[in-house]
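One structure is given below, encoded as structure tokens.
A short reminder: the numbers here are calculations on the coordinates, not readings from a lab. Just so it is clear, the model here is predicted, and its values are computed rather than measured.
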Amino acid sequence: MNIKYYKKFKKDIESIDKNRIKQILKLLKTITDIEKLDLSWLRENSFDKLKGDQNLYVYKKRFGDYRLIISIREIEKNIIYVEKVGHRRDVYRSH
């Protein structure tokens, strides 16, 4: 599995406490170890689908008061885009 990071994510993660960062990076490492993306894996690992374009799958993962937002544009290419991470009160403002 390939992961691409948005600049927003790289900036956002600097403002999060170290324990949350470790949890997030551990999850992203687990995702990279997956050979083929299966949407059921996301559901089994507590990712919730956000509403959006039919051709774009956008999911959130909860880490306490923080949310990780990822998107999948083309399932066949096995690429996940890590869009942003932030406090639950702020992270959805542009989604």
What does the extension gain come out to for LYS10 and LYS36, with contour length at 0.36 nm per residue minus their alpha carbon separation?
6.9 nm
So if I take the centroid of the Cα atoms in segment 3-26 and the same for segment 57-95, what is the distance between those two points in Å?
11
So I have (i) 17, 42, 25, 10, 5, 1; (ii) 15, 55, 28, 2; (iii) 17, 38, 20, 13, 8, 4, 0, and one of them is P(r) over Cα pairs in 10 Å bins from 0, in percent calculated from this model. Which one is it?
(ii)
Checking the table LYS22/LYS84; LYS18/LYS51; LYS26/LYS61; LYS18/LYS61; LYS10/LYS49; LYS4/LYS84 against a 19 Å threshold on Cα-Cα, which pairs fail?
LYS18/LYS51; LYS10/LYS49
What length, rounded to one decimal in nm, is gained on full extension from ASP48 through to ILE3, with 0.36 nm per residue of separation minus their alpha-carbon distance?
14.4 nm
Check LYS84: other-chain or 5+ apart residues with amide H under 5 Å from its amide H, H built from backbone geometry?
ILE69
